[in-house]
Amino acid sequence: MEAWQKALLAWYREQARTLPWRGEKDPYRVLVAEVLLQQTRVEQAMPYYRRFLERFPTLAALRAASLEEVLKVWQGAGYYRRAVNLHRLAQGVEALPRSYAELLKLPGLGPYTAAAVASMAFGERVAAVDGNIRRVLSRLFALEDPAPKALQDLAQRLLPQGEDPGVWNQALMDLGAMVCLPKAPRCAACPLRAFCQGQEEPERYPKPRRRAVREEALAALVLLGRKGVHLERLSGRFQGLYGVPLFPLEELPERAQAFGVAPRPAGKVRHALTHRRLEVQVYLAPWDGEGEDPWGKPLPKLMEKVLRQAQALLAHEGVVPFPHAKP
Ligand code: SF4
């Protein structure tokens, strides 16, 4: 093992973050943690991790649950496609496969998650390269724009012999999360400063990967029926969740006509998705249907905002539109 590898592991033994999934060898639990962490910061993910495993402690428990139940427990964690994929995965396998190659075939598992589960739960010698590790390795070897495949190969070559690969992957991750920060890395406190080729100008490495953010103008139509709001099952990224009709703003006249309503504006909400910034104009209309209490359904964050906006306006006018309004 090289000196820098020893230095990193010694640092990790002393400084590793205390996380509920640390040292976990149950592949299902590792998987849940890694899936949650794909789009969520560690501090935010922890309560969801506990809540999810309390309700679905095993793959079999997840398999037996309905998608709606799973989404309800996931509610608030966002990026619901992850929960849909976890549920789908549980339907398809009796137990999680024990190798990286087999894990990679499961729905929703990319190279990083498959490598994290294989290395941490099964001790397979496979490097897991997430954003933190990409940053640390790019700086350590002064790589401005490493191609994903080249970086994966490099990380694989760097796995030290005779060391638990799960521990090694987590040591690099922790260094990226605690010391080699994206902005203002703490080089003075870094165990790798004597070996790092990028520390003169660390923020030069790696070049940020920018993707254009699209602005979209949408309308949300809140139809007030006799018992509550008209809800639809959503598709696409919100598959399995519920919400009011949501469509491009310019389609409002035809949508209103289809429902036979004359909507009035009820304010705007803004919502940011990974590569889209949404500006949603909320419209309200009395509607000749039943409707239902929306707060009993799994709703994406965007729909919570829309319904709160509608509720705020109606409350101001002295109307209580939905029977059990969520605080
Ligand atoms: S010395 Fe600085 S740039 Fe290099 S790995 Fe450590 S924190 Fe990152």
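The values are calculated or read from the model by the stated rules, or taken from the named source; none is laboratory data. Note that this is a predicted model, so its numbers are computed, not measured. Heads up, the Cβs are rebuilt from the backbone with ideal geometry, glycines too, and the neighbour counts pull from every protein chain shown. Areas reflect the complete protein model, heavy atoms only, side chains present, ligands, DNA and RNA absent. Shrake-Rupley method; radii C 1.70, N 1.55, O 1.52, S 1.80 Å.
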- Hey, can you tell me all the residues within region 167-206 that are in a helix (DSSP H, G or I), without any contact (Cβ under 8 Å) to a residue 60 or more places away in the chain, open to solvent by 20 Å² or more (accessible area, probe 1.4 Å) and more than 6 Å from the ligand (Cβ to nearest atom)? A188, A189, E203
- Residues (surrounded by fewer than 13 Cβ atoms within 10 Å (Cβ to Cβ) and under 30 Å from R210 (Cβ atoms)) located in region 277-289: R277
- Restrict the check to region 116-138 and report whether at least one residue is closer than 30 Å to E200 by Cβ, more than 23 Å from the chain's Cα centre (by Cα), open to solvent by less than 30 Å² (accessible area, probe 1.4 Å) and at pLDDT 95 or above. yes
- Task: Mind checking which strands (runs of 3 or more DSSP E) fall wholly inside region 224-327 and carry at least 3 residues that are outside the structural domain of L67 (by TED's automatic domain parsing) and of a type in the set (D, E, K, R)?
- Result: 264-272, 276-286
- Item | Among residues of region 118-144, those that are in contact (Cβ under 8 Å) with a residue 40 or more places away in the chain, of a type in the set (G, A, S) and more than 14 Å from the ligand (Cβ to nearest atom), counted | 5
